[in-house]
Each structure stands twice: as structure tokens, then as C-alpha cells.
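My structure is below; once you've seen it, I'll send some questions.
The values are calculated or read from the model by the stated rules, or taken from the named source; none is laboratory data. Given the structure is predicted, the values throughout are model-derived calculations rather than measurements. Every residue, glycine among them, receives a Cβ derived from its backbone with ideal geometry; neighbour counts consider all protein chains shown. The area values use the complete protein model at the heavy-atom level, side chains included, leaving out ligands, DNA and RNA. Shrake-Rupley method; radii C 1.70, N 1.55, O 1.52, S 1.80 Å.
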Amino acid sequence: MRTRRALVTGGSRGIGRGIVLALSAAGHEVVAASRTVEGLEETVALAEAAGGARVAALAVDVGDLDASAALPGLATEALGGHPDMLIHCAGIARPGRVTDLPLTDWEDSMRVNVTAAFVLAQAAAPAMSEAKWGRIINIGSLYSRVGAKHAAAYVASKHALLGLTRVLSLELVRDGITANTIVPGFTDTEMVRGEARSVGAARGFDEEEAIRRFLRVQPLGRMVTTDEVGALVAYLCSDAAAPITGQAINIDGGALQS
């Protein structure tokens, strides 16, 4: 497999970290970007311990759109060449009933979950087009496909992210660039466990019981692992995945069968 270069946002923990480690293990050099310096250092250390390709860390808040626009250029400097692969995993969830949700929470969700992906793609795609090879992968959610109470900002942003991905796929495919959205089900991450704790506290049961209730919709009977999501990303970043573009690819233990 040819060694390429990747830029992964949200690379300090959870699914983003799993993606960084999978790409590094596959021999690709990676820039992991996140606001959380300590988490980035842990990701780099894990990649080094596993003997993977080089991982560089950039402390960046993708909610700062100027910083997002500059990020592919910074990654180019860090790796000595432009990113061939752009994976936008950074995201936030701001719960709230539609009638109560502050406009700032809506705007923050849209800026981090969608607009940052748009700005990153604008900045990264020209070099990919010139090279006639590229991969853009956005990390969505089950809520890219369905609605949920008290999650208007998150649901709307993840639906919009899928729409953006489909447009990118149509506009860039002739340049050898694919664009796909991965749709994870309940995945064993700090975010999901934090949600479980919040739900449990509100309803009078513990984290593990909340997770058991989450998994009622996931026929696999367990949470997806970050390694499994990372492996899917690594495949989509391979030459073998060249015909796969414009897709929302579920990795959800059978929760959504469409």
C-alpha cells in the first residue's frame, strides 16, 4: 500500500483517536488535530507504542473557522506534503428542546459539525484535485438519518453534514476524490458514556443500565468499538475503495438497515 498523508480532526479521543491509530497502523502519516493538547499527546504516544507511521499533533479549535481554513496548510508543513485524506471527526452535541434551545447552542453545533467540514474541504480539496487522488470522510451519526427528541442542533447538523458529503462526492469524483459519511451507532466513547450518565441521572439509573437501554436498538448487543470505526476509515482510504463515494455507510450493529 502506498504511504499517504491524513488530517484527522477530533483526534484526541474516541472515534477520532481510533481513526488516527488505524491510519498510522496502515502506514499513513497523520496529523491529529484537536483542542485538547493532553489528549493529542496520548494519541501520539499510543501510535508510537504500536509502531505505526508518524503522527503529528496540532492543537486547533475547528470551531474557529479561520483556524480550520488554515489547518490543511499547517498539516502540509507538519508532514512535508499536502493531506491526501481529510477526516472530519470533531463534533459537539448541545441537547435541548426546540422551544428552549439557545440560539448560540444551535450556531455552535452548526459551526463545528458542518461549517468546519465545509471550510476544511475547501482548503484541502484543491491539492487533492491537482494530485488526482483524495479521500474526504465525514463522521456522522445515526442522527444523520433519523430524528431524536431534544437534539435539534445535533440532528440538523449531522443531516447537513451528510448532504455536504454527497455534494462533495458529485463535484470531486472526476478528480479521483471520494467523499463519504460514516454513520456509527452507539460506540464505546467518552461522549456516549457521558450521555449515558446524564440520561441515567435524569431517570434514576446508572450508566451501565442507560447503555443497556441504548443497545436495545442495536441488534449486535454491544457497542461498536473505535478500532472498528478506524478500520472502516482505513479501508475507505485505500485504492480498493475508489468506487465508493457519496455514501452514508452504517457501522451500527444492524440498528439501521438502509
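Looking at (1) of a type outside the set (V, I, T); (2) part of a loop (DSSP other than H, G, I, E, B); (3) within 20 Å of E77 (Cβ to Cβ), can you tell me which one L40 breaks?
L40 satisfies every listed condition except (2).
So, in the range 25-46, of the ones that are out of contact with any Lys or Arg (no Cβ under 7 Å at 6 or more places or on another chain) and more than 19 Å from A90 (Cα to Cα), which residue ends up surrounded by the fewest Cβ atoms within 10 Å (Cβ to Cβ)?
Among those residues, the one meeting the criterion is A45.
Which residues, taken from the range 151-175, are open to solvent by 20 Å² or more (accessible area, probe 1.4 Å) and touching a residue at least 60 places away in the same chain (Cβ under 8 Å)?
Residues satisfying the conditions are Y154, R166, L170, V173.
OK, next. Test of understanding: among G63, G51, which residue is open to solvent by less than 30 Å² (accessible area, probe 1.4 Å) and at pLDDT 95 or above? If you could, list the steps in order and put the result at the bottom.
Details: G51 fails: open to solvent by less than 30 Å² (accessible area, probe 1.4 Å).
Unique residue meeting the criteria: G63.
Just to check your reading of the model, which residue among V114, V119 is in contact with a Ser or Thr (Cβ under 6 Å, 6 or more places away or on another chain), more than 20 Å from M191 (Cβ to Cβ) and at pLDDT 95 or above? Explain how you work it out, then say what you get.
Numbers: V114 fails: more than 20 Å from M191 (Cβ to Cβ).
Exactly one of V114, V119 is in contact with a Ser or Thr (Cβ under 6 Å, 6 or more places away or on another chain), more than 20 Å from M191 (Cβ to Cβ) and at pLDDT 95 or above, namely V119.
Give the number of residues within the range 199-224 that are in contact (Cβ under 8 Å) with a residue 24 or more places away in the chain and out of contact with any strand residue (DSSP E or B) (no Cβ under 7 Å at 6 or more places or on another chain). Outline the logic, then answer.
The first filter runs over the range 199-224 and keeps only residues in contact (Cβ under 8 Å) with a residue 24 or more places away in the chain, leaving 211, 214-215, 217-224.
Then drop every residue that is not out of contact with any strand residue (DSSP E or B) (no Cβ under 7 Å at 6 or more places or on another chain), which leaves 211, 214-215, 217-222.
Final tally of qualifying residues: 9.
Inside the range 44-150, counting only strands (runs of 3 or more DSSP E) that do not spill past its ends, which hold 2 or more residues that are under 13 Å from L7 (Cβ atoms) and without any contact (Cβ under 8 Å) to a residue 40 or more places away in the chain? Let's see the steps before the verdict.
On the way: elements: 55-59, 85-88, 134-139.
The strands (runs of 3 or more DSSP E) meeting that bar are 55-59.
Exactly one of (1) open to solvent by less than 30 Å² (accessible area, probe 1.4 Å); (2) over 19 Å from Y235 (Cα atoms) is unmet by L103. Its number?
Exception for L103: condition (1).
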